[in-house]
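Any read-out appearing in this document is the output of simple, stated calculations on the displayed coordinates, not a laboratory observation. The structure displayed is predicted, hence computed values, not measured ones. Here the Cβ positions follow ideal geometry from the backbone for every residue, glycine too, while neighbour counts run over all protein chains shown.
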Amino acid sequence: MNEALKRLPRPAPWMGQLALLLFAIALPYMGFMDRSRTSLAVFAGVYVMLGLSLNIVVGYAGLFQLGHAAFFGLGAYTAAILSIEHNITILATIPIAALVAGGAAMLVSKPILHLRGDYLCIVTIAFGEIFRIAVTNNAFGITGGSNGLFGAGRPELPLPWLSPVPEIVLVLLLIGHLLLTQRSGPVLQWGGAGVIALAYFLLPPLAGHDQVFVISMAMGLLAVAGVAFLRERGLDWRGQVIGLLVIVILFAAFGAARGDQLAASIDGNLDKYFNVQDPVTVLGVDVTPVAFKRDARPYYFLVLGFIIVTIVGMRRLQNSRLGRAWLYVREDQLAAEAMGIDTTQVKLIAFALGSAWAGVAGVLYASRFTVVAPESFNFLQSVIMFCIVVLGGSGSIPGVLVGTLGMVVLPELLRDVGPTFLYEGAGPFVILALILGGHLLSARDRGQAAVIETGLIGAAFFVPPLLLGEPSLYVIGLLMALAMIIVLPLLRRRTSNALPWVAGALAAYALVMIVIGSQFGQDLEREISAFRIMDWRDGLMGVAMVVMMVLRPAGIIPERRKGIVMSAVAEPSGAGPAVAVQQAT
Amino acid sequence: METFLQQLINGLTIGGFYAVVALGYTMVYGVLKLINFAHGDMFMWGTLTGWALLTTVFASFTDMDVIAILAASVVVLAFIGVMGMTIERVAYRPLRSAGRLSPIISALGAAFALQAVARNVSDARWRTYPEGLLAELPNVQLTGRVSLSGLQVLMLVTCAAVMIGLYLFVQRTRVGTAMRAVSLDHDVSRLMGINVNRIISLVFFIGPALGGLAGLLIGIYYGSFNFTLGWVFGLKAFIAAILGGIGNIPGAVIGGFILGISETMVVAYGPDIGLADASAWKDAIAYVLLITILIARPTGILGETVAEKV
Amino acid sequence: MKRILVVAVLLSIVIAPLGSFASAQEGDPILIGLQGPMTGDYAYEGQGFEKAVQLLVDQVNEEGGLLGRPVEIVIEDDAGDPTQSALVADRMVDSGVVAVIGAYNSTATEPASEIYAEEGILHITPSSTATRLTEKGFTQFFRVCFLDDRQALFAVMAMDEVLGAETIGILHDNSTYAQGLAEWTQVYAEEAGLEVAFFDAINPDDQDFTPILTNIGQAGLDAVYFTGYHAQGGLLLRQTAELGLDIQWMMGNASNNPEMVEIAGVAAAAGTFITTEPLPQDLEYPEAVEFVDAFIEAYDEPPASVWWLLAAEAFNVIAHAIEETGSTDTEVLAEYLHNDFADYPGLSGPIIGFDEKGDRLGTIHALYEINEEGVIAYYPEQPQPATEE
């Protein structure tokens, strides 16, 4: 490892998390996030939820689950049926969907949990397929057959500034604050609560508009989270009080000074993203719901909210009694049993919890896409979810994020890539730079020879196309560069000095290219422009899966946990899941 | 009775194919404890290669279809066998000590890649084998209306020969003994002087090669295929292997026939017991059967109950 | 270090394509979207859509484009999947298309149609026949194909009048389209007094249908109507012959594809009936003949499926509407198609017009038979005048 790099101060992990959170909040406002990309982000968000839920089963408890799509589908169908047939507003179906999916998981997994790894795997595949066949065949006459169900409702929320919504939100905020500040002394606990409540109710009249309750809510949330954050950073109660006051005063000043603009902008956004429905009276209280329009941005924040709640929950779960029991069961079931852990019970909870959460993701899916059809819950979807978890790093939360990026976002973005990007504009340079950079890094210890090799490959890459003015030759050049990088380490094992070989091979390559280029350049270009990257999308994905696993068997961002030290000893094959747990930094 | 006989023949034919493909899963599992998800697609590649050969290189052999098919079989066996070995070398060997999740992803990746190439090679269309291959084989008349076509007999005989041959090879030869040793314990086998990597390579040659042969037979028998064949058929064969007890060669055969026949019987007699659209539900019933058997016998019908290694 | 590298590579791969967005198309060309399954199980049909539409676009551009502006098609792949279809529809909206042709299967058309309706983009599906698609009150959604129930009625009449069947069977493949057609056929058959003695579905992923064929053979049916796709149709015919069963098959228009005969073998396919829109070569309309000739010239094969033709038809309808109204505004175009568009010489026969729901008026289904040479030929005896003028 580079010494200079080592000595640089490492940023604390919370800074990375905070940056990520801010990035996620700012993302939909960035210039390149057009309608379809925001829509894709929502879709990816649902898969993050699915990945996180499957992570409980596969990552924490070490159980094979290749039928997760069934529970996702169960949630989506439950939401769609309740919404279409019984007119229940879709967000209200979340607990029901979670119960149905979790309950079903409990019911079906109870008799099969004693099965060993691979047998469990096939049984879960079987459950997934049974679900798909059942909904395709219109089981119980409620699933709409292969057409699926259409017209699930969009999410509806009560208008946030109509009583009693602000009051309820405040009560929830205060409960959160009181719970989180239990050990911070009465000044912060009760005084802080008073300040928050006061500012919360003063802000709208100060600004002169009821709409500003939205800002009050944001302030409350920020205040509670900010105090918790400061305490975790090690500040004492005085520091926390100051932080709280800063937040409250900033908001109050801002709200009072810009009340009219705030109200106008809230009204504008309401108009743009929401439909205000007819007033509904529940128990004599006026609850006017606003429904999401089709625009993806409100969905984005809805899903983001769910993801944040999920991640916070998962992290607490990981370090709980149950989380440690899962870990124990995963690493060594017999020993876990010997320690008095009810392994069946523990596994059952993992299954039920993971599936229930997949059901919640199903509700979000149904509310976003409004069509729920069997194809969306087939075996391939289960495979994708499984890949998200394992590819990213089984048991690791950031791994799920990276896995989703790789399995869901990247393939969609490939749509934007035309065949000519390989040889037009900066395309070839970027790709070559990546390849050669990778090569240089992997051969760091051989200094000069590696630099010369890299230079030679680069030269062979650029000379023929530039000489002949035939940019399509870059494509062959890229294949050559890739081949060289794979062959070089093999070659080096046989000879002490590979350089003459490399130079010779590259010179021969350049000659051949010059001949090919002058004779068939046009044909080549036509062939390449007829090439559709979409046709090869899943092929590329497959190759990438193999390569990633070979390079990083434990996933891209492997799980890190404090307190468990297991060196990466190769387990005897067949002795249960042997996920290498690395020592925490 | 005649209908029953006819349906039994239908089921045996399907089951035979499941059984041969299941052998590949079972062999690989035996030595590596790895579910080779790419096996189904390698089997489909057998069909694809056979189609490519019989419609191009051997297309002029129209009068000598037996020779053409034999030649194609040899090429398919070799090609798919080498394909299997290559995949093992590239995608599985580096992961041998990496736990059990990573090889599954790697296998799925290999399956995706194989399928994508096949889709592009076949233009995503249904492809047809030349008409009238082996059409002059005599039929075997069983009863008045029930007969076994020559092709069916050939298929069943080939399937049986492959299975018996493989069983004898594994049980009676030195290499077979080495295979069984490797399946028990890699390290001890190595101490006994067995070249474990070579044995695994061999298994990855034989399993896929047999799968490829089954693919060719399926192409000839059904006359047409598309690139999704491997995924679907592979999943079924995998179930058959598990059903019989994975890692166990007679088990794979038994599993294949049980699955084939029970699927057929569900379709045949489902309507009589009140399941009007039995055909649509057929696969679901096969899965229920699988789950039931596994609940009763957690390691499959012929699977040994191995105490968990610690 | 390695980790930073991996992250950097991933990020650059993710961000690199984003740059391409900066040059969003504005101004000159008229963009028309084509959404279909370019990959996946129906890839063949989607790629056929593309061939057919591209051919016409090239022709139009050679003649100077529409309203003096060149035409460009924006092709998006939905793989026949409803989720991908919704994502694709958003992409269409972003790219600023005037109208969209697609999708192939009803399942994929449904979510997209909702988005296009909300965004006010003219949407014509060439091949999605599920009845409920036009029952949502979308004013800018049209289809140039005919509904499930039209064909079902025609098929029942054909079985009743031409084949003289009394007991029939219906088999579908659990796809949206085939299931819809099968259910409508059942309804009309019962209305017409035919007995539906068999109704079931096959799994289109299967290769072997002998068990269900044996059942069908036992049921003593006068005719069996298969509403699924040509690949399974071919396998069914082939295995019927191999089992030595005597079943009178009739296939829906999704099986109207010469490949079915290829899969089944000529001997096994001969004598099978097909209900379908008339094949292009059987239409004397010069438009149809011209199109088929141009298609053969461009791609060395005739358009293999009706749906390709109807995709081209959809494009012609859009182009015609743009020319006639001189506008690319969806409301104007939709208004025109609903009220003033009539008696257009279509590739699949004259288009009488569209009704208020956006469905194509009339019916032009015809009965075809696969003859001894394996050619799908117009059957001399038709249940009714095949076209209602």
Item to check | DSSP-defined antiparallel bridges as percent of all bridges, the protein assembly as shown, nearest 5 | outcome: 40
Checklist entry - How would you classify segment A:158-291 from its alpha-carbon gyration tensor, with a ≥ b ≥ c the square roots of the eigenvalues: rounded for a/c under 1.5, else prolate if a/b is greater than b/c, otherwise oblate? => result prolate
Checklist outcome for this item: Rounded to whole angstrom, the alpha-carbon centroid of segment B:219-286 lies from that of segment A:222-295 at a distance of 58
Checklist entry - For the protein assembly as shown, what is the convex hull volume of the alpha-carbon atoms per residue, in Å³? => result 205
Checklist entry - Percent relative contact order of chain C, based on C-alpha pairs within less than 8 angstrom and at least six residues apart? => result 16
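Per-residue Cβ counts within 10 Å, from other chains only, averaged over A:120-127: what number is that?
That works out to 6 on average.
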Checklist entry - Please state the equivalent ellipsoid semi-axes for chain A: what are the square roots of 5 times the Cα gyration tensor eigenvalues, largest first, in whole Å? => result 47, 31, 29
Item to check | 13 Å Cα-Cα reach of residue A:293 towards aspartates and glutamates, excluding residues that sit fewer than 8 places from it in its own chain | outcome: A:156, A:271, C:114, C:118, C:119
Checklist outcome for this item: In degrees rounded to 10, the 0-90 angle between helix A:213-232 Cα long axis and the longest Cα principal axis of chain A is 70
Checklist entry - Using θ = phi - 60° and the Karplus curve 6.51 cos²θ - 1.76 cosθ + 1.60, what whole-Hz ³J(HN,Hα) does each residue of segment A:486-492 get, with Gly and Pro shown as x? => result 6, 6, 3, x, 5, 4, 5
Checklist entry - Taking Cα pairs under 8 Å and at least six residues apart, what relative contact order does segment A:419-551 come out at, in percent? => result 31
Checklist entry - Here are some pairs, C:51/C:136; B:33/B:236; A:347/B:236; which of them have Cα atoms lying more than 25 Å apart in this structure? => result C:51/C:136; A:347/B:236
Next on the checklist: Applying a 10 Å radius around every beta-carbon, put A:536-548, C:45-57, B:137-149 in order of their mean neighbour count, most first.
Outcome noted: C:45-57, A:536-548, B:137-149
Checklist entry - Which angle from 0 to 90°, rounded to the nearest 10, does the C-alpha axis of helix A:499-530 make with the longest principal axis of chain A? => result 70
Next on the checklist: Restricted to Cα positions, what overall size does segment B:1-152 have along the principal axes? Three whole-Å values, descending.
Outcome noted: 59, 42, 26
Item to check | segment B:17-38-segment A:184-203 distance, computed between alpha-carbon centres (Å) | outcome: 66
Checklist entry - Which of rounded, prolate, oblate describes segment A:419-551, given a ≥ b ≥ c as roots of the alpha-carbon gyration tensor eigenvalues and a/c under 1.5 marking rounded, otherwise prolate only if a/b is larger than b/c? => result oblate
Checklist entry - Sequence-distant or interchain residues sharing an amide H contact under 5 Å with residue B:147, placed H: which? => result B:142
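Ignore the peptide's own chain and count Cβ atoms of other chains within 10 Å of each Cβ in B:227-239; give me the average, rounded.
Counting Cβ atoms of other protein chains within 10 Å of each residue's Cβ and averaging gives 3.
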Checklist outcome for this item: Honestly segment C:262-349 on the Cα gyration tensor test (a ≥ b ≥ c root eigenvalues; a/c under 1.5 rounded, otherwise a/b vs b/c for prolate or oblate) is just prolate
Checklist outcome for this item: Whole-Å distance linking the alpha carbon centroid of segment B:123-137 with that of segment A:501-548 is 34
Checklist entry - What are the residues whose amide H is under 5 Å from the amide H of residue A:290, where those residues sit 5 or more places off or on another chain and H is modelled from the backbone? => result A:157, A:159, A:277
Checklist entry - Counting only DSSP beta bridges with both residues in chain A, what percent are antiparallel, rounded to the nearest 5? => result 85
Checklist entry - What does the highest-first list of A:310-319, C:368-377, A:360-369, C:124-133 look like by mean Cβ count within 10 Å? => result A:360-369, C:124-133, C:368-377, A:310-319
Checklist entry - Which peptide among A:329-342, C:88-101, A:457-470 comes first, and what is the full order, when sorted by highest mean count of other Cβ atoms within 10 Å? => result C:88-101, A:457-470, A:329-342
Next on the checklist: Taking each residue in A:129-137, count the Cβ atoms of any other chain within 10 Å of its Cβ, then average. What number comes out?
Outcome noted: 5
Item to check | Residues whose placed amide H lies under 5 Å from that of residue C:272, excluding near-sequence neighbours | outcome: C:370
Checklist entry - From the phi of every residue in segment B:287-302, what ³J(HN,Hα) in whole Hz does the Karplus formula 6.51 cos²θ - 1.76 cosθ + 1.60 yield, where θ is phi - 60° and glycine or proline is x? => result 5, 4, 4, 4, 5, 4, 5, 5, 5, 6, 10, x, 10, x, 5, 9
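How high is the relative contact order of segment A:158-291, in percent, with contacts defined as C-alpha pairs under 8 Å that are six or more residues apart?
Reported as a whole number, the value is 29 percent.
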Item to check | Per-residue HN-Hα couplings for segment C:43-53 [Karplus 6.51, -1.76, 1.60; θ = phi - 60°; Hz; x = Gly/Pro] | outcome: 3, 4, 5, x, 5, x, 3, 4, 4, 5, 5
